[in-house]
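Got a structure for you, questions after.
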Amino acid sequence: MVDVVVVGAGPVGLMVAFELARLGVQPVVLEALPAPSLEPKANGIVGCAVPLLHSRGSYAPLGGRGRVPRPAPRFMYGGFPLDLRRLPDNPVYVLPVPQRRLEAVLAASAGVPVRRGHTVSGIAPDASGVTVSVEGPSGAYSLRCAYLVGCDGAHSLVRKAAGIGFPGVSDDGVVSRSAHVVLPRRALTRFTGRLRGPGGPYRPYLFHRTPHGVFSFARFGSGPHLLTTLEWGGSVDETVPMRVGELRSSLRRVLGVEVAFGAPPAAGGPYVLRRSTARQNRVASSYAAGRVLLAGDAAHVVAGFGGPLLNLGLLDAVDLAARLRRGDVSGYDAARRPFAERVLASSAEQSALLAPGPEVDAARSLFAASLRTEAGLRRVADTIAGG
Ligand SMILES: Cc1cc2nc3c(=O)[nH]c(=O)nc-3n(C[C@H](O)[C@H](O)[C@H](O)COP(=O)(O)OP(=O)(O)OC[C@H]3O[C@@H](n4cnc5c(N)ncnc54)[C@H](O)[C@@H]3O)c2cc1C
């Protein structure tokens, strides 16, 4: 009998393993992929997880600047730039780090071997533990554990097999397109790297709302820019694969001017090239069903603005590992699910604030007034920081 089996060696499963190992529990980690994924995903962690990672000795290995993390002077919310220096105890921390590096650092620090190429195909929970069915490289086998932690992502088999619902909405009125692109030098201002265009120049790392949609662009490290557009309404032929040219047309509609960007050279990839017509906003109906627990994207997916998901998932992992160590997970759902519900609500609020239309203009002017107060700014900063 194993104490804990963790399903999934994404950032959250690895953080659960890291924390358990730190507390003296050796879990078994099962991961379907034979090697770490190269898919480009998160570019950074935003929130309380940053100082927490520092307390675990992982800040410097993750590329954190300075001896200790410092609160971010600026961030954004709903397309509004936030001057967080106005808050006496600003809680917002930002650590730019590619997800691949986060996973590599957590895997190395945990020191827990990951069983790669081991796919969980079924679970049978009972009062004293969980029997896990696994398809491994040498064939099928089963494992018995006291607790099973599903960190197996948004399509979580563990969540479904445990009969836990995943209620929420698909934001299907919005088409989101993202790609890494090479912006021509003449499109950017010389020293500040702002994007030229009508009503601009536009700052990087912010969502910009125009009468026709939203766009953002940002550069992480020395690579190409990551450009994103959001458009409300309109139909998309899902059978046509996404191309950089489609994003160029979308930016032309949103910004009102053609920007002659191209795809980066394939050699430096893989790069982001995505279109989404159904942004998911869902939180598991419970994070626990007896001895089966959920953390990370298995428990919540949010069409997040500003990257809230890693923060949520890493903090789930830390909370859950401490409870597993004590052998009492009864308070986990009540402790962690409200944070995901709050991120879900803030995502809906930001989506509503970014939508086009004169009624949104009016709502935005009221929201701007609330941000000018310390209490309004604090509410938004606390939401971004998570807990
Ligand atoms: C393009 C993109 C950009 C993003 N940017 C950001 C950002 O800037 N900031 C941010 O906070 N978040 C961002 N996110 C979200 C972030 O990537 C996810 O929240 C994060 O990956 C969740 O980690 P996880 O460990 O919960 O799940 P995952 O990373 O999905 O890992 C789940 C793991 O479980 C494994 N698995 C699945 N099923 C099984 C099974 N049956 N048996 C064994 N193993 C299994 C999978 O192979 C996978 O390795 C981004 C996502 C995308 C797609």
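Quick one: plug the Kirkwood hydrodynamic radius of the range 184-238 (C-alpha pairs) into Stokes-Einstein at 10 °C, 1.306 mPa s, and report D in µm²/s.
Details: Rh = 12.5 Å.
The diffusion coefficient I find is 127 µm²/s.
Between residue 104 and residue 83, what is 0.36 nm times their sequence separation minus the Cα-Cα distance? Round to one decimal in nm.
Details: separation 21, 0.36 × 21 = 7.56 nm, distance 3.31 nm.
This chain segment gains 4.2 nm when fully extended.
Treating only the Cβ of Lys, Arg, Asp and Glu as charged (+1, +1, -1, -1), what charge dipole size does the chain show about its Cα centre? Round to the nearest 20 debye. Intermediate results must be reported in sequence, preceding the final value.
On the way: 44 positive and 28 negative charges, 298 e Å.
Its charge dipole is roughly 1420 debye.
Would you calculate the separation in nanometres between label points at residue 128 and residue 141, each defined as 7 Å from the Cα along the Cα-to-beta-carbon direction?
Between residue 128 and residue 141, the simple spin-label model gives 2.2 nm.
Enumerate the calculated ³J(HN,Hα) couplings along the range 204-216 in order (Karplus 6.51 cos²θ - 1.76 cosθ + 1.60, θ = phi - 60°), each rounded to whole Hz, writing x wherever the residue is Gly or Pro.
Working through the residues one at a time gives x, 6, 10, 8, 10, 9, 10, x, 10, x, 9, 9, 9 Hz.
Can you pull the Rg over Rh of the range 240-387, Cα-only, Kirkwood?
Working: Rg = 19.8 Å, Rh = 18.5 Å.
In the range 240-387, Rg relative to Rh is 1.07.
Now for a separate question. Give me the percent relative contact order of the range 175-277, please, defined on Cα pairs under 8 angstrom at least 6 residues apart.
Numbers: 181 pairs, mean separation 40.1, N = 103.
Averaging sequence separation for qualifying contacts and normalising by length gives 39 percent for the range 175-277.
Ignoring ligands, DNA and RNA, what percent of the accessible area of the chain is carbon or sulfur (1.4 Å)?
55
Taking the Cα centroid of the range 41-109 and of the range 290-332, what is the distance between the two, rounded to the nearest whole Å?
18
Now, a different point. Read phi for every residue in the range 84-93 and hand back ³J(HN,Hα) as whole Hz from Karplus 6.51 cos²θ - 1.76 cosθ + 1.60, θ = phi - 60°, with x for Gly and Pro.
Karplus-based 3J(HN,Hα) across the range 84-93 equals 6, 5, 6, 8, x, 10, 4, x, 8, 10 Hz.
Could you give me D for the chain, from Stokes-Einstein at 37 °C and 0.692 mPa s, where the hydrodynamic radius is the Kirkwood radius over C-alpha pairs? Units µm² s⁻¹, please. Present the calculation step by step, with values, prior to reporting the outcome.
Numbers: Rh = 22.0 Å.
The Stokes-Einstein estimate is 149 µm²/s.
Here's something else I'd like to know. Quick one: what are the phi-derived ³J(HN,Hα) couplings along the range 265-280, Karplus 6.51/-1.76/1.60 with θ = phi - 60°, whole Hz, x for glycine and proline?
Taking θ as phi minus 60°, the curve returns x, 4, 4, x, x, x, 10, 6, 8, 9, 10, 10, 10, 9, 6, 8 Hz for the range 265-280.
What figure in square angstrom, to the nearest 10, would you give for the accessible area of residue 285 with a 1.4 Å probe?
Surface open to solvent at residue 285 totals about 60 Å².
For a quick check of understanding: with a 1.4 angstrom probe and all protein chains in place, what accessible area in square angstrom does residue 205 have, to the nearest ten?
Estimated to the nearest 10 Å², residue 205 gives 120 Å².
Now for a different question. Can you give the accessible area of residue 212 in Å² (nearest 10), computed on protein heavy atoms with a 1.4 Å probe?
Answer for residue 212: close to 110 Å² accessible.
Hey, what did the range 1-97 get for relative contact order, percent, Cα under 8 Å, at least 6 apart?
Numbers: 107 pairs, mean separation 24.4, N = 97.
Relative contact order, the range 1-97: 25 percent.
Let me ask another. Just the accessible area per residue of the range 175-277, please: how many Å² with a 1.4 Å probe? Each step should come with its number before you reach the end.
On the way: 5450 Å² over 103 residues.
For the range 175-277, the solvent-accessible area averages 53 Å² per residue.
Something else about it: Taking the Cα centre as origin and putting +1 on Lys and Arg beta-carbons and -1 on Asp and Glu beta-carbons, what dipole magnitude results for the range 300-361, to the nearest 20 debye? Working shown, then result.
Working: 6 positive and 8 negative charges, 91 e Å.
Charge dipole of the range 300-361: 440 debye, to the nearest 20.
Find the Cα radius of gyration of the range 319-364, compare it with 2.2 N^0.38 Å by division, and give the number to two decimals.
Numbers: Rg = 17.8 Å, N = 46, 2.2 N^0.38 = 9.4 Å.
Compactness ratio reported: 1.88.
How about the range 196-293: which GluC sites (Glu not before Pro) there are in a DSSP loop, with at most 14 other Cβ atoms within 10 Å of their Cβ?
Working: sites: 231, 238, 246, 258; in loops: 238, 258.
Those that pass, being in a loop and sparsely packed, are 238, 258.
Run the simple label-point estimate for residue 352 and residue 41 please: 7 Å along Cα→C-beta, distance reported in nm.
With each label placed 7 Å out from Cα toward Cβ, I get 3.0 nm.
Can you order the peptides 70-77, 172-179, 40-47, 362-369 by their average number of other Cβ atoms within 10 Å per residue, highest first? Present the calculation step by step, with values, prior to reporting the outcome.
Details: 70-77: 17.9, 172-179: 19.6, 40-47: 21.4, 362-369: 13.0.
Those peptides, ordered most packed to least, come out 40-47, 172-179, 70-77, 362-369.
Would you please classify the overall shape of the range 108-224 from the alpha carbon gyration tensor, given that a ≥ b ≥ c denote the square roots of the eigenvalues, rounded means a/c under 1.5, and beyond that prolate means a/b larger than b/c while oblate covers the rest?
Working: a/c = 3.99, a/b = 2.33, b/c = 1.71.
Prolate, because a/c is 1.5 or more and a/b exceeds b/c.
Please state the shape class of the range 54-113: rounded when a/c is under 1.5, otherwise prolate if a/b exceeds b/c and oblate if not, all from the C-alpha gyration tensor.
In terms of gyration-tensor shape, prolate.
What nm distance separates the two modelled labels at residue 196 and residue 56, each placed 7 Å from Cα along Cα→Cβ?
That separation, rounded to one decimal, is 4.6 nm.
Relative contact order for the range 209-341: what percent, with Cα pairs under 8 Å and sequence separation of 6 or more?
Normalised by residue count, the contact order of the range 209-341 is 16 percent.
May I have the pair-distance distribution P(r) for the range 175-277, computed from all Cα-Cα distances with 10 Å bins from 0 and rounded to whole percent?
15, 52, 29, 4, 0
Pick out the long, greasy-scoring helices in the chain: whole DSSP H runs spanning 30 Å or more along their own axis by Cα, mean Kyte-Doolittle at least -1.0. If you can, show how the numbers build up before the last one.
Working: long enough: 332-354 (34 Å, -0.16).
TM-like helix candidates: 332-354.
The values are calculated or read from the model by the stated rules, or taken from the named source; none is laboratory data. What you are looking at is a predicted structure, and each value in this text was computed from that prediction instead of being measured. Backbone-built Cβ (ideal geometry, glycine too); neighbour counts: all protein chains shown. For the accessible areas, the whole protein counts, side chains as well, though only heavy atoms, and no ligand, DNA or RNA atoms are used. Shrake-Rupley method; radii C 1.70, N 1.55, O 1.52, S 1.80 Å.
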